[in-house]
Amino acid sequence: QQSAGALVQTPVALRILAEHRGAMAQVDLGVLRAILNKEEPPRRQPMVELHSWKALGTDRLNCTLVDGQNVARGVTQAGSAVQPAIERMGHQPMLLSLQKWTAQETSGTPFLLIQEASVMGPTPNRAQPHELNNLSKRAVSEVPLTQAMNSASDISEAPTQPGPMLADNPYSRPYYGAPAVPSAPTEMPAAVPAVPAVPGAAAMPGSGGILGRAPEVRIASSPAANSNITPLKMLTAYYGGRWTVKARVLTKSDVRKFSNSRGESQLFKADLKDQSGEMSATFFGRAVDKYFTMLKCGQVYTFQKGQVKAANKRYDSGDFVLSFEEHADIKAVEEDSNIPRISYDFKPLCDVANMPPETSVDVKAVVYSVGAPFTFVAKTSNKEMTKREIGLWDPSGSSGHSTMELVLWNERAVGTDFEIGAVVFLKKARISEFNQMKSLGSPAQLELHPDHEDSFLLMRKFKEFQDSGQQLASPSKNFSNSSSGQRKTIEECKQEDLKLASPGAMPGGGEKGVHKHTVVATLTSLPTDRAPYYSACPKQVESTGPASRPNDRMRICNKKVTQRENGEWSCLGGHVSDYPQFRYLCRINVLDHTDQMEVNLYDEVVRNLLGREARDYMAIFEAAHNGGEGEQTLKEVNQKMEWKKCSLVLRSSKEIWQENERVRYSVDSAQFIPLEQDARQMLGDIMASLEA
């Protein structure tokens, strides 16, 4: 190696070489592959090199980790103590001792979530990557693994086998479908035997790739190898003969039941993409049972024995769609980086409000309100349905922010755990309009907590909005209307609830077992004689309701727990835990100009109003009641919701309490009302009454 020989002729180069050899003696060779493969590392606290890092928002870092053989992406956990230690070192290579970590994967790309680690100091290798192997034109995170590996092995004492030689390696692939940076030609060391350029030939021994997969080598494909693959753009309703499509599954819908003249059946839809373009596919009948679980978003498959039909412009994009039934032949194949991944064309919510109904749009937003799932029987189909309303926020529009409602149905309504402040990416969400108000629904893909730079930017802007003290109204609807009807007074609610069916009785003759009301009322004081929260069981139990996926049939127990003498906590379900979680639960009086009533408030509602988790509130409450030192702090926290005017969605039903029948009121959602907007609404009601 002539260049290496020239390098060691200078004193500076000799020092760099010696120091790098000392660093390689400390780094655990190949440990990143073992960790991402969830294997036992060679020692309890393995050592790796951190070559570069970039901030993700304010509380996480995107790092490039090297173990002498492999390059992997690492992300520090939010709030981790290692982040300031890395930042203090600056942008210089350093040694990192991993203490606690988790191997994770997002959109098919594995990465290392660093929970605890220690910076052991700068790595003795003072040279930059381009000094080792001519990498000056690329960032380390974009370097193909072969080059990064060779840059380390060229000056290490013990030669190492090269890893994968593809520029599309998952560790170097840009996120969210950005085109991969083409790799520069690299020469294999002479000691390494050549890999046969024949499909199906055995891989070289001892050269396992990332996560234990055999290494792949980019070779020229023979015409026969791809002669049976048909590009999607070539498929039309007039295409004759058999065809095979190799495509990536971008999105997958829920299973939908339907009835026609041939009886009941089922279907689900998927969006497929190859190098030539995109096309929708619909799976019917037994093909749903066969392929719904098999098809995973982001993975590549071959598709055969389907039909090409003209697209229904109301539901499908493009001119043609694919249709598959039980005789379809679909197989999973190896990853192909030439096929693009999912990409988004995000539109701000302020623009979505001006788009026509039935338009599909991509949206990125923050969840600012979470409604409880509501189950009812549809009048038209007489089938039970579940609906859930989620409030979305983004920093667009002339006022500095915009909001809109996301409506989810059935399995998606109960199978997704939303929380306030979470970022959500929506792919092909359909715009709907009711009472001149726009909302979003039926997204082809819903991604919570995406690991993307835009996600952390949105979270920071939402935090700044919350700190400004501004309040948000109910999403994408005015206060005189809701999904359950017009706004009522408390007196009108009580009169209507006289017609509620008794507990255990079969509703009939105009009686219903549950009523829903929209009320604008003032919240009074939170209880001070008892805690407005309880200790809940944190154990996972099987859910009795539907789930969005077969693997999501678990939920948190949430039953009340008591502490045993040995310090453990147990619930009536027989679960035992070391420490409980805390959830809000309280009763409070609300009133308007006609009457007052007592309502039940639950965890999501109180957390939305106070802007604080129950665990944090518990510490303040106990401090105020144990010596009184925190009494003023408790008053300031409670004032965020006490004596404030809110739009409440109430659910009422009759129950038996101490042998007496009474009406129980529960709050499904609560939103503070901006006084100016409420005044305009009341003025509009007055003008409408005068005109009538």
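The values are calculated or read from the model by the stated rules, or taken from the named source; none is laboratory data. These figures come from a predicted structure and were not determined experimentally. Methodologically, a virtual Cβ is constructed for each residue, glycine included, from the backbone with ideal geometry; neighbour enumeration extends over all protein chains shown. Side chains are part of the model used for accessible areas, which takes the heavy atoms of the whole protein and leaves out ligands, DNA and RNA. Shrake-Rupley method; radii C 1.70, N 1.55, O 1.52, S 1.80 Å.
Here are a few things to note about the model shown:
- Within segment 601-634, tally of residues that are surrounded by 14 or more Cβ atoms within 10 Å (Cβ to Cβ) and touching a strand residue (DSSP E or B) at 6+ places or on another chain (Cβ under 7 Å): 12
- Within segment 551-599, the set of residues being out of contact with any Phe, Trp or Tyr (no Cβ under 6 Å at 6 or more places or on another chain) and of a type in the set (Phe, Trp, Tyr) comprises TRP569, TYR579.
- Subset of segment 275-291 (residues that are part of a loop (DSSP other than H, G, I, E, B) and either without any contact (Cβ under 8 Å) to a residue 40 or more places away in the chain or buried (at least 19 other Cβ atoms within 10 Å of the Cβ) (or both)): none
- Of all the criteria given as (1) over 35 Å from the mean Cα position of the chain (by Cα); (2) within 23 Å of ASP417 (Cβ to Cβ), the one not satisfied by PRO580 is (1).
- Lone qualifier among SER653, SER647 - being over 16 Å from ASP592 (Cβ atoms) and not charged (D, E, K, R): SER653
- Residue match in segment 497-509 (condition: open to solvent by 30 Å² or more (accessible area, probe 1.4 Å) and at pLDDT 80 or above): yes
- Selection of segment 637-683 for residues being more than 26 Å from VAL367 (Cβ to Cβ), outside any loop (DSSP other than H, G, I, E, B) and free of Cβ contacts under 8 Å to residues at least 60 places away in the same chain yields TRP657, ASN660, ARG662, ALA679, ARG680, MET682, LEU683.
- Selected residue (criterion: most open to solvent (accessible area, probe 1.4 Å)) from residues of segment 105-144 that are in contact with a Pro (Cβ under 7 Å, 6 or more places away or on another chain) and either on the phi > 0 side of the Ramachandran plot or modelled with pLDDT of 50 or more (or both): PRO122
- Conditions (1) in contact with a Ser or Thr (Cβ under 6 Å, 6 or more places away or on another chain); (2) under 19 Å from TYR534 (Cα atoms); (3) part of a loop (DSSP other than H, G, I, E, B); number of the one not met by ASN558: (1)
- Taking the conditions (1) of a type in the set (Lys, Arg); (2) under 30 Å from ALA422 (Cβ atoms); (3) over 35 Å from the mean Cα position of the chain (by Cα) in turn, ARG564 satisfies each one other than (2).
- Verdict on LYS38 being under 30 Å from LEU457 (Cα atoms) and of a type in the set (D, E, K, R): no
- Every residue from segment 333-357 that is surrounded by 12 or more Cβ atoms within 10 Å (Cβ to Cβ) and either among the charged types (D, E, K, R) or free of Cβ contacts under 8 Å to residues at least 12 places away in the same chain (or both): GLU335, ASP336, ARG341, LYS347, ASP351
- Of all residues in segment 659-692 being open to solvent by 40 Å² or more (accessible area, probe 1.4 Å) and in contact with a strand residue (DSSP E or B) (Cβ under 8 Å, 6 or more places away or on another chain), the one that is farthest from TYR602 (Cα to Cα): LEU675
- Residue check for GLY391: among the small types (Gly, Ala, Ser), in a strand (DSSP E or B) and out of contact with any Lys or Arg (no Cβ under 6 Å at 6 or more places or on another chain): yes
- Looking only at residues of segment 406-444 that are at pLDDT 85 or above and β-branched (Val, Ile, Thr), we find that the one that is surrounded by the most Cβ atoms within 10 Å (Cβ to Cβ) is VAL424.
- Pairs where the first residue, in segment 31-49, is under 19 Å from THR123 (Cβ atoms) and the second is exposed (fewer than 13 other Cβ atoms within 10 Å of the Cβ), C-beta under 7 Å, 6+ apart: VAL31/PRO42
- Taking the criterion of being in contact (Cβ under 8 Å) with a residue 60 or more places away in the chain, in a strand (DSSP E or B) and of a type in the set (S, T, N, Q), the residues of segment 394-441 that qualify are THR403, SER432.
- Any hit, segment 302-309, residues being modelled with pLDDT under 90 and open to solvent by less than 20 Å² (accessible area, probe 1.4 Å): no
Listed here are the residues, each with its yes/no results for (1) crowded, with 17+ Cβ neighbours inside 10 Å; (2) in a strand (DSSP E or B).
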residue	(1), (2)
ARG242	no, no
GLU264	no, yes
LYS273	yes, yes
GLY318	no, no
LYS331	no, yes
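- Meets criteria (of a type outside the set (Gly, Ala, Ser), within 27 Å of SER669 (Cα to Cα) and within 19 Å of the chain's Cα centre (by Cα)) for ARG388: yes
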